[in-house]
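To keep things clear, I will list the structure first and then write my remarks on it.
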Amino acid sequence: MFNGIINANDTTSVKLTLGDNESKLSELNPNPELTTKMFGDCYNTSRTGSIHALKGDVDMVNSIWRMSNNSTLNHLNTKIACLSSVVITVLYPH
């Protein structure tokens, strides 16, 4: 699990990739039985926190993201993802 706040100024480009198509969360988790009961076996990365990056691109694959505060991004791409948010602003949705 990743936790934290990412802040990038207006001229900084940020690329964040959460998860992949290969591994399962239960392979990386100390309590796979509980994880499987709660989420099935389809998520392999979890993140808590916020991101403020006007030039930021985030790709989420098999991921859970619990936003702890408002987030601002340039682009958000998801595949088999679960988002829990306060407010997320995507400047150029695709």
Non-local residues with an amide H under 5 Å from the amide H of Gly56, with H modelled 1.01 Å from N and Pro and chain starts lacking one, are Val14, Asn74, His75
Applied in sequence order to segment 64-72, the curve 6.51 cos²θ - 1.76 cosθ + 1.60 (Karplus, θ = phi - 60°) yields integer Hz couplings, x standing for Gly and Pro, of 10, 10, 9, 7, 8, 7, 4, 10, 10
Label model pair Asn9, Asn70: point-to-point distance (7 angstrom along the Cα→beta-carbon line) in nm is 2.2
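Coordinate-derived values only; no laboratory data. No experiment lies behind these values; they were computed from the predicted model shown. All Cβ positions, even for glycine, are placed from backbone atoms using ideal geometry, and neighbour counts span all protein chains on display.
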